[in-house]
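**Student:** A single structure is presented below for examination.
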Amino acid sequence: MPARMPDALKRVFSETFTARDVAEPLASFDAEAPSARVQEFMRARDFDVIGIRRDGQIAGYAEAQSLEGGDCGHFERGFSDVGVLDEGAPLLKVLMTLSHAPFAFIAVLGRVGGIVAHADLQKPPVRMWLFGIVTLIEMRFVELIDQHCPDGAWTKFLSEGRLQKANALLEERGRRNQKLHLIDCLQFSDKGQIIARNEDIRNTTVFTSRSQAEAAVKSLEQLRNNLAHAQDILATDWHTIVQLCEFYRSSMT
């Protein structure tokens, strides 16, 4: 898991969502501005970082915790110390940068003018992108199950209770004239359980054991639920998001 991503889908996930969709303008001050006034500004807006202007241009940055007195320019740091991404950088690159840094600066027309922090990853473009990747994984689950378990052989990997729920949903959708198969009525966790419990299928995936597969499926399902219900995705799902990004990056090669 997965097969190589088709070029059409690759373009959607690599080009549709970019850094400019989640970046915020970088607030900045002249280097001569008093640190106390800058700190007050930052506290009022819950900012951790501001830009430092010299000759009208943002030349560096300073973090709130470093401003100890005097002019804020005394605490300037260069952008070479941290990641600077172009505004058109793919969202995947933004996420991977933030997997090992608290923020990333964004260059607009060749000059730093924006910033992306972890809190910005709660925004709709990120949530849409992540939900799309999880959906692709679920579709891949179904593809693998169909390939390795023809004629419904996968049913032996689910409990009677789970199968009853799937059959009940199939009957309900049938009454609505929806032409589906039983596998289409399984929950994400059901499909994941089949992948985890069927060794032949599992050996075609990145999972090295049943327990690893079950843990990953549980984490992905939690992330998908939090995305679907507009819940916080950083407090409990950040590790899953990073792994998902690494998984997606590997599928692009």
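**Student:** Taking the alpha-carbon distance from LYS93 and a cut-off under 20 Å, which lysines remain once sequence neighbours fewer than 8 residues away in the same chain are dropped?
**Tutor:** LYS10, LYS123
**Student:** Which number comes out as Rg/Rh for the stretch 105-205 once both Rg and the Kirkwood Rh are worked out on C-alpha atoms?
**Tutor:** Answer for the stretch 105-205: 1.21.
**Student:** How many percent of the alpha carbon pairs in the chain exceed a separation of 32 Å?
**Tutor:** 38 percent
**Student:** Further, regarding this structure: Count the lysine pairs in the stretch 124-251 whose Cα atoms sit under 16 Å apart, keeping only pairs 8 or more residues apart in sequence or on different chains.
**Tutor:** Lysine pairs, 8 or more places apart or on different chains, close enough: 4.
**Student:** Same structure again: Which of the listed residues, THR18, HIS74, ALA215, is farthest toward the dipole's positive end in the chain, when Lys, Arg count +1 and Asp, Glu count -1 at the beta-carbon?
**Tutor:** ALA215
**Student:** Right, something else. Reported to two decimal places, what Rg/Rh ratio describes the stretch 13-91 when computed on Cα atoms with Rh from the Kirkwood expression?
**Tutor:** Numbers: Rg = 14.1 Å, Rh = 13.5 Å.
Using Cα coordinates only, the ratio equals 1.05.
**Student:** Turning to a different aspect of this structure: In the chain, what percentage of the DSSP-assigned beta bridges are antiparallel, given to the nearest 5?
**Tutor:** That works out to approximately 75 percent antiparallel.
**Student:** Just tell me the longest site-free run in the chain, where the sites are GluC sites (Glu not before Pro) in a DSSP loop having at most 13 other beta-carbon atoms within 10 Å.
**Tutor:** Here the longest segment lacking exposed loop sites spans 69-253.
**Student:** Could I ask something else about it? Which of TYR61, GLY51, HIS229 sits farthest toward the positive end of the charge dipole of the chain, with +1 on the Cβ of Lys and Arg and -1 on the Cβ of Asp and Glu?
**Tutor:** About the Cα centre, the residue reaching furthest to the positive side is HIS229.
**Student:** Summing Lys, Arg as +1 and Asp, Glu as -1, what charge do residues with Cβ under 14 Å from the Cβ of ASN226 carry, ASN226 excluded?
**Tutor:** Every neighbour counted, the sum reads 0.
**Student:** Among DSSP beta bridges lying fully in the stretch 7-121, give the percent that are antiparallel, nearest 5.
**Tutor:** So the antiparallel bridges amount to about 75 percent of the total.
**Student:** Follow-up question, since we're still on this one. Which of MET96, MET42, MET128 has the fewest other C-beta atoms within 10 Å, and how do the rest follow up to the most? Don't skip to the end; give the middle numbers.
**Tutor:** Numbers: MET96 18, MET42 21, MET128 14.
Arranged by neighbour count, lowest to highest, MET96, MET42, MET128 become MET128, MET96, MET42.
**Student:** Could I ask something else about it? Under a 10 Å cutoff between Cα atoms, tell me which one of ASP55, ASP30, ASP21 has the largest fluctuation in the Gaussian network model of the chain.
**Tutor:** ASP55
**Student:** Please give the charge dipole size of the chain, origin at the Cα centre, charges +1 on K and R Cβ atoms and -1 on D and E Cβ atoms. Round to the nearest 20 debye.
**Tutor:** The dipole magnitude comes to about 920 debye.
**Student:** Are there any helices in the chain, counted as whole DSSP H runs, that stretch 30 Å or more along their axis by Cα and score at least -1.0 on average by Kyte-Doolittle, and if so which?
**Tutor:** Membrane-span-like by this rule: 124-148.
**Student:** While we're on this one: Please report, for the Cα atoms of the stretch 93-151, the Rg to one decimal and the Dmax as a whole number; what are they, in angstrom?
**Tutor:** 17.6, 59
**Student:** Hey, what number do you get for the chain at 222 nm if only DSSP H runs of n ≥ 4 count, each worth -39500 (n - 2.57), divided across all residues, to the nearest 500?
**Tutor:** Rounded to the nearest 500, the figure is -14500 deg cm²/dmol.
**Student:** Now for a separate question. When SER209, SER219, SER66, SER35 are ordered from fewest to most other Cβ atoms inside 10 Å of their Cβ, what list results?
**Tutor:** SER209, SER66, SER219, SER35
**Student:** Same structure, new question: For the residues VAL112, VAL94, VAL38, what sequence is obtained by ranking on other C-beta atoms within 10 Å, fewest first?
**Tutor:** On the way: VAL112 20, VAL94 27, VAL38 23.
The most exposed by this proxy come first: VAL112, VAL38, VAL94.
**Student:** Gap in Å between the Cα centre of the stretch 63-115 and the Cα centre of the stretch 193-229?
**Tutor:** Their Cα centres are 35 Å away from one another.
Only the coordinates and a few stated rules stand behind these numbers; no lab work does. Quick caveat: nothing in here was measured; it's all calculated off a predicted structure. Every residue, glycine as well, gets a Cβ built from its backbone with ideal geometry; the counts of neighbours run over all protein chains shown.
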